[in-house]
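Any read-out appearing in this document is the output of simple, stated calculations on the displayed coordinates, not a laboratory observation. All values reported here derive from a predicted model rather than from experimental measurement. Heads up, the Cβs are rebuilt from the backbone with ideal geometry, glycines too, and the neighbour counts pull from every protein chain shown.
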Amino acid sequence: MNTTPTNLSFVPGDGQWPHQRHSVLDWLMNETRTERYIDNLFVDLCERLNAAGIPITRATLHFRTYHPQWLGARIFWHAGNAQATIHTFDYGMEKTPEFLLSPAFEIYQGSSEVRQRLEEGPFERSWPLLNELVEQGSTDYVAWPMDHTLGRRHFVSFSTREAGGFKLEHFAFLKDLVPALSLITEIRLKNVLARTLLETYVGPHASEQILAGATTRGSGATVSAAILICDLRDFTQISDLWQRDDVIEMLNAYFDAISEPIEKNGGEILKFLGDGLLAVFPLTHARACADLLDSIRQARGNMAALNEQNHVRNRPMLNYGIGVHVGDVMYGNIGSSKRLDFTVIGPAVNIASRLESLTKEIGRSVLVSGAFADEARCYTGLERMGLFPLRGLGEPIEVFALNEANETCEPPGDSSVITAISLPQSSHAA
């Protein structure tokens, strides 16, 4: 009986070659299921190829991604490196001379194989990459497309310093690897894509919960968190008076100014609500409330800089209101039987929303509850506005406004320190 795998093209070589070929392919198809990350798998593959006698000195994997910031990514391995390096490429890269004069352009234009021997020049192709490879001592370069489902094309490349380049059997083996590598990388890339899309649309913590199995209606947990709700002022008027593209650009700039400090300081933006956003800072972190206040102060500076740019461009000044509260919230899946939203609900969210609305009446851009100030154990930069009744609540609550000065909140180590702080009275008390 013929035991040679029928899906492998056999090229005569030394007596060990069929066994070596089968072992690498068998490992790739049957023993990599526990490796989640493409870069680690690629390093292992290159090292196994070298151990099997294929003299690879440089290899790359190129992927087009579905990421809000990056068009694609390259995984780069060089002989002797224990890890691969990952480079990302911004949108617009495909229009640059660097891309147009590269093997990537040929592959994405439909080439089924790109090979360039490097021992003798001049070369027909004017790729800058070829000069780089020659300087590194490479003698041969080859790239093949990896075609994923629905025609999505990526590619892999290999180069060697072996005199004479890749031998016929080496070349044939690498080419035989490509279909298997396409299958293995597509699975990993879809995992990355799923995580990226979830993080993009619901945030990192929510995406982690969903990927862990929180996909049924009602699934979730009760968490203690500081809640921030922000809303842009007069957006309806702005959207009526300005062109659509200008409105979208202004709205995105506003969200960048507010969101960047929140994410940098450990908060999670759960959703954008038209011209507003909802974010939480879980109280599992001791500085959650202080980080929230620092985020607002940094966002305030960002908004001031943005409005300076708007003034220069004869665009409207953008104003906002922020409400902040703290408490237990239900964090999980809410919605219909077929359409779910991973969000937070509960009285604490409602109070934050009411405080945001109250900013319009009081004329202060940031209002926080007394409960939040107590939890933060820090009244630095907070001005007591008084007691205010909020719609839906039986009793009025204490309200503080964040002063305009960018004073950093440093909560004391002992909560008893704040008991002696006297707060100024306000004529706005309800």
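Quick look at the numbers
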item	result
Tensor-based shape of the range 298-346 (alpha-carbon gyration tensor, a/c under 1.5 rounded, otherwise prolate or oblate)	prolate
Set of aspartates and glutamates near Lys95 by C-alpha distance (under 14 Å), chain-local residues within fewer than 8 positions excluded	Glu106
Proximal charge balance of Phe171 [Cβ under 9 Å; K/R count +1, D/E count -1]	+1
More than 20 angstrom apart: percent of Cα pairs within the range 212-420	59
Highest-MSF residue in the chain out of Pro389, Pro261, Pro204 [GNM, Cα springs under 10 Å]	Pro389
Local electrostatic count, Phe155, Cβ distance below 15 Å [Lys/Arg +1, Asp/Glu -1]	+2
Hydrodynamic radius of the range 267-336 per Kirkwood, over alpha carbon pairs, in Å	14.5
Nearest-ten-degree value, helix 288-312 long axis tilted from longest Cα axis of the chain	80
Separation of alpha-carbon centers, the range 303-340 and the range 110-154, rounded to whole Å	47
Percentage of interatomic Cα-Cα distances in the chain larger than 38 Å	44
222 nm mean residue ellipticity, helices alone, for the chain (DSSP H n ≥ 4; -39,500 (n - 2.57); rounded to 500)	-12500 deg cm²/dmol
With eigenvalues of the C-alpha gyration tensor scaled by 5 and rooted, the range 17-201, Å	25, 22, 14
Likely footprinting exposure, Glu98, Glu135, fewest C-beta neighbours within 10 Å first	Glu135, Glu98
The chain: relative contact order in percent, alpha carbon pairs under 8 Å with at least 6 residues between	11
Helix 347-362 vs. the chain, principal-axis angle (Cα, 0 to 90°, nearest 10)	60
Within-15-Å neighbourhood charge of Glu98 [Cβ basis; K, R +1; D, E -1]	-1
